Amino acid sequence: DSFLSHFFSPMSATLELKGEWEVGYYSKDADKITVFVSSANGFEIKPADDVFKKPDENVEALKLVDVKVSFSDAQIKAKEQYAALFPSESIGDGFVVLQSFKGKILWNFSSISKTLKFLNVKIDAISGELASHQTISLVQK
């Protein structure tokens, strides 16, 4: 049994897409993700890979029919939130994921700052509201 689990794309420091969308399907039986990437010849299929999750977490099915907020609208909201939440950070490249996590469908924007902090903003893909944000220092002091 496999199901749609996520959309992923690398993004620039200005939160613009830097590549094609990668579409992930999760196999519960194998506990692996198979990723499909758009290419000139249709789709490239990456080998099934381990799932990046905590042992007690489950991969949830992404139901696109429930997504009400487009990437473009989420991107605008994320840019506003980055400016408000991380005003002193110089933002570098990162990635964006559309996923269902803990029962919520989220646009998950993550970047690395020039001061080596992991910056994250989650936008609810149904309401368009800020669901959460986080800053994690990657350097131990």
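The values are calculated or read from the model by the stated rules, or taken from the named source; none is laboratory data. Predicted model, so just to flag it, every value in this text is computed and none were measured. As a convention, Cβ positions derive from the backbone with ideal geometry for all residues, glycine included, and neighbour counts pool all protein chains shown. Only protein heavy atoms, including side chains, enter the accessible area calculation; ligands, DNA and RNA are left aside. Shrake-Rupley method; radii C 1.70, N 1.55, O 1.52, S 1.80 Å.
Please specify each residue of the range 115-137 satisfying the condition of being more than 18 Å from residue 62 (Cα to Cα) and in contact with a strand residue (DSSP E or B) (Cβ under 6 Å, 6 or more places away or on another chain).
117, 118, 119, 120, 121, 132, 133, 134, 135, 136, 137
Would it be correct to say that residue 115 is modelled with pLDDT of 95 or more and surrounded by fewer than 17 Cβ atoms within 10 Å (Cβ to Cβ)?
no
Can you tell me which residue within the range 1-43, out of those that are hydrophobic (A, V, I, L, M, F, W, C), part of a loop (DSSP other than H, G, I, E, B) and over 14 Å from the mean Cα position of the chain (by Cα), is nearest to residue 121 (Cα to Cα)?
So the residue we want is 13.
Residue check, residue 140 against (1) more than 30 Å from residue 28 (Cβ to Cβ); (2) surrounded by 11 or more Cβ atoms within 10 Å (Cβ to Cβ); (3) of a type outside the set (Val, Ile, Thr), all met but one. Which one?
Answer for residue 140: the failing condition is (2).
Residue pairs, Cβ under 6 Å, 6 or more apart or interchain, first in the range 85-112 and over 19 Å from residue 66 (Cβ atoms), second part of a loop (DSSP other than H, G, I, E, B) and open to solvent by less than 60 Å² (accessible area, probe 1.4 Å). List them.
91/13; 92/13; 93/12; 93/13
Run down 63, 104, 54 and say which single residue is closer than 13 Å to residue 6 by Cα, surrounded by fewer than 13 Cβ atoms within 10 Å (Cβ to Cβ) and of a type in the set (D, E, K, R).
After applying the criteria, what remains is 63.
What tally of residues in the range 77-92 results from selecting those that are surrounded by 14 or more Cβ atoms within 10 Å (Cβ to Cβ) and either out of contact with any Ser or Thr (no Cβ under 9 Å at 6 or more places or on another chain) or of a type outside the set (Lys, Arg) (or both)?
So the count comes out to 9.
Which condition breaks for residue 34 when tested against (1) touching a Gly at 6+ places or on another chain (Cβ under 8 Å); (2) under 19 Å from residue 3 (Cβ atoms); (3) open to solvent by 60 Å² or more (accessible area, probe 1.4 Å)?
The failed condition is (3).
Taking only pairs six or more apart or across chains, which ones have beta-carbon atoms under 9 Å, a first residue in the range 28-42 that is touching a residue at least 24 places away in the same chain (Cβ under 8 Å), and a second residue that is open to solvent by 100 Å² or more (accessible area, probe 1.4 Å) and among the aromatic types (Phe, Trp, Tyr)?
These pairs meet every condition: 33/52.
Quick check on the range 7-27: of everything there that is open to solvent by less than 50 Å² (accessible area, probe 1.4 Å) and either without any contact (Cβ under 8 Å) to a residue 60 or more places away in the chain or of a type in the set (Ser, Thr, Tyr) (or both), which residue is nearest to residue 119 (Cα to Cα)?
Across the range 7-27, the extreme among qualifying residues is 12.
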